[in-house]
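First comes the structure, then the notes that go with it.
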Amino acid sequence: MTHHKIHMAFLSAIVCAAFCTTAGAHADDIIRVGSKNFTEQEILGEMVAQLIARHTNLKVERRLGLGGTGVCHGAIIEGELDIYVEYTGTALLSILKNSDIGDPDTVFRRVASQYRDEFELEWLPPIGFNNTYVIAVRAADAKSNQWNAISDLQSMSHRLKAAFPAEFMERPDGYKGFQKAYGFRFASCRRPPA
């Protein structure tokens, strides 16, 4: 599975959670901070908003929990957002439609260059935060079934029910990539309750 790095902006020498930014605040000195609609994103979006508010004279408008990658990307392209957190792997696969995943530095340079050229958006320096999908199982089940690795789930996969975020289900390096890498699928998959 692909490892994704979150990239953050340096704002007034303060590390802020964000990946790309438009040219700056509007004439009314308001900066609009957005996020996708899951917990990690909303926390990072709030961190960005608080850091901007604390260390600049800008007013912050929060637009957290907007939706998935397409919604946030569209909002920044249309000028409805000024900054939000994004992942290099997600940008490469979902926005740039390029499945050639390489090492993190190469992916960052490719994504940053293409976003600058195609969208006039800036990716800012990485903070070294790695966002990787994992599979969690109940400890009692892992112990009784002697599950120590994902491949150990294969013999019982026809009985196991899984819950994954919507983007994981749709991405080629998500559930589809999981099935290809491990050679099995779960009995059912659904989106976890909010």
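The values are calculated or read from the model by the stated rules, or taken from the named source; none is laboratory data. Keep in mind the model is a prediction, meaning the values are calculated, not measured. No Cβ is skipped: glycine too gets one built from the backbone with ideal geometry, and neighbour counts run over all protein chains shown.
Does segment 85-98 include one or more residues that are of a type in the set (A, V, I, L, M, F, W, C), in contact with a strand residue (DSSP E or B) (Cβ under 7 Å, 6 or more places away or on another chain) and farther than 21 Å from residue 166 by Cα?
no
Which of the residues that make up segment 80-106 are among the small types (Gly, Ala, Ser) and either touching a Ser or Thr at 6+ places or on another chain (Cβ under 7 Å) or not in a loop (DSSP other than H, G, I, E, B) (or both)?
89, 91, 94
Can you tell me which condition residue 126 does not meet? The list is (1) touching a Lys or Arg at 6+ places or on another chain (Cβ under 7 Å); (2) more than 17 Å from residue 40 (Cβ to Cβ), and all the others hold.
The failed condition is (2).
Quick check: anything in segment 151-172 touching a strand residue (DSSP E or B) at 6+ places or on another chain (Cβ under 7 Å), farther than 26 Å from residue 74 by Cβ and either of a type in the set (Gly, Ala, Ser) or in the same structural domain as residue 77 (by TED's automatic domain parsing) (or both)?
Yes - at least one qualifying residue is present in segment 151-172.
Return a yes/no flag: does segment 62-75 have any residue that is under 15 Å from residue 33 (Cβ atoms) and touching an Asp or Glu at 6+ places or on another chain (Cβ under 6 Å).
Looking through segment 62-75, at least one residue is under 15 Å from residue 33 (Cβ atoms) and touching an Asp or Glu at 6+ places or on another chain (Cβ under 6 Å).
Name the residues in segment 44-58 that are closer than 19 Å to residue 75 by Cα and either part of a strand (DSSP E or B) or of a type outside the set (Gly, Ala, Ser) (or both), would you?
Here is the first cut: in segment 44-58, the residues closer than 19 Å to residue 75 by Cα are 44-46, 48-49.
Answer for segment 44-58, where residues must be closer than 19 Å to residue 75 by Cα and either part of a strand (DSSP E or B) or of a type outside the set (Gly, Ala, Ser) (or both): 44, 46, 48.
Would you pick out the residues in segment 20-42 that are surrounded by 14 or more Cβ atoms within 10 Å (Cβ to Cβ), among the hydrophobic types (A, V, I, L, M, F, W, C) and at pLDDT 90 or above?
Answer for segment 20-42, where residues must be surrounded by 14 or more Cβ atoms within 10 Å (Cβ to Cβ), among the hydrophobic types (A, V, I, L, M, F, W, C) and at pLDDT 90 or above: 31, 33.
Test residue 36 against the stated conditions and say whether it is touching a helix residue (DSSP H, G or I) at 6+ places or on another chain (Cβ under 8 Å) and under 22 Å from residue 171 (Cα atoms). Please lay out each step first, then the result.
Values: touching a helix residue (DSSP H, G or I) at 6+ places or on another chain (Cβ under 8 Å): yes; under 22 Å from residue 171 (Cα atoms): yes.
Spelling it out, residue 36 is indeed touching a helix residue (DSSP H, G or I) at 6+ places or on another chain (Cβ under 8 Å) and under 22 Å from residue 171 (Cα atoms).
Here's the yes/no breakdown for (1) free of Cβ contacts under 8 Å to residues at least 60 places away in the same chain; (2) outside the structural domain of residue 167 (by TED's automatic domain parsing); (3) of a type in the set (D, E, K, R); (4) buried (at least 16 other Cβ atoms within 10 Å of the Cβ):
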| site | (1), (2), (3), (4) |
| --- | --- |
| 59 | yes, yes, yes, no |
| 62 | yes, yes, yes, yes |
| 87 | no, yes, no, yes |
| 103 | yes, yes, yes, no |
